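Asker: Quick one: the structure is below, questions incoming.
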Amino acid sequence: MNIVSAEFVKSVADLQRCPAGGRPEVALAGRSNVGKSSLLNCLVNRRNLARTSNTPGRTRTLNFYLINNRFYLVDLPGYGYARVPEKMRVGWGPLIEGYLSRRPELRGVIQIVDLRHPPTAQDVQLYQWLKHHHLPAVVVATKADKLSKSQGLRQLLVVRQTLGLTGDDPLIKFSARTREGRDELWRVIEGWIN
Ligand code: GDP
């Protein structure tokens with residue numbers, strides 16, 4: 001996709017405040033520090049559009065980025081954040097779960113995992129939840145540049161098996177540093193929003 005414009009529009013802590021206008025939305029989900037902001041910046045060719053996850057106040061909100069005035073990339077709160085009280089770490093919280101289950105504009109979810117490590121219990125829980133709710137999802141295993149080619153391929157299998165991906169479920173090896181996987185991910189996104 002040719003990125004003509006990419007702008008931060010708003011952060012919302014309440015589903016009622018999601019943007020109106022009916023444009024399609026694609027959400028990004030993953031645990032804190034997995035590389036979600038870097039992936040978003042890589043997708044839209046910006047260094048700093050998505051703030052890093054430690055920006056105060058933006059960590060528990062849905063952040064809407066309008067791309068080419070045509071669709072939104074929606075950055076969901078990172079989960080599994082160690083400093084979040086236990087109570088809030090359980091499940092997805094009403095905001096994420098409400099958004100994922102009740103947002104008509106949502107076309108698909110980019111679930112980001114770290115290629116170097118087996119997906120966490122929460123990664124598995126989210127993926128199974130998306131499947132259960134028949135939400136289109138693509139799993140993106142990022143930080144691929146940190147592994148050798150053979151290690152990377154081995155880890156892809158671990159990701160596939162741990163999340164319970166079946167043959168047709170898309171899985172993309174990605175790196176925000178080398179931009180590996182970027183074109184493939186855009187093709188998935190374009191398929192969803194067109
Ligand atoms: P977020 O909390 O999920 O938004 O994670 P960030 O995008 O802030 O990334 C967390 C850390 O991982 C930062 O130090 C990034 O520079 C690093 N990082 C993210 N993606 C990659 C990648 O593809 N390759 C490498 N080598 N580092 C990455």
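The values are calculated or read from the model by the stated rules, or taken from the named source; none is laboratory data. These numbers come from a predicted model, not from an experiment. Note: ideal-geometry Cβ built from the backbone for every residue, glycine included; neighbour counts use all protein chains shown.
Asker: Can you find even one residue in the stretch 61-70 that is modelled with pLDDT under 95 and under 13 Å from the mean Cα position of the chain (by Cα)?
Answerer: There is at least one residue in the stretch 61-70 that is modelled with pLDDT under 95 and under 13 Å from the mean Cα position of the chain (by Cα).
Asker: Got a number for residues in the stretch 28-47 being out of contact with any helix residue (DSSP H, G or I) (no Cβ under 7 Å at 6 or more places or on another chain) and within 14 Å of the ligand (Cβ to nearest atom)?
Answerer: Count: 12.
Asker: Scan 175, 150 and give me the residue that is farther than 19 Å from residue 27 by Cα and small (Gly, Ala, Ser). Lay out the reasoning, then the answer.
Answerer: Values: 175 fails: farther than 19 Å from residue 27 by Cα.
On inspection, the qualifying residue turns out to be 150.
Asker: Could you list, ordered by first residue, the pairs with Cβ atoms under 6 Å in which the first is in the stretch 24-41 and free of Cβ contacts under 8 Å to residues at least 40 places away in the same chain and the second is of a type outside the set (Gly, Ala, Ser) and part of a loop (DSSP other than H, G, I, E, B), at least 6 apart or interchain?
Answerer: Hits for this filter: 37/52.
Asker: Now a separate question. Would you pick out the residues in the stretch 140-194 that are farther than 30 Å from residue 3 by Cα and modelled with pLDDT under 95?
Answerer: Of everything in the stretch 140-194, those that are farther than 30 Å from residue 3 by Cα and modelled with pLDDT under 95 turn out to be 166, 167.
Asker: Collect the residues in the stretch 12-27 that are in contact with a helix residue (DSSP H, G or I) (Cβ under 9 Å, 6 or more places away or on another chain) and under 13 Å from residue 63 (Cα atoms), keeping them in residue-number order.
Answerer: Hits for the stretch 12-27 are 12, 13, 14, 15, 18, 25, 26, 27.
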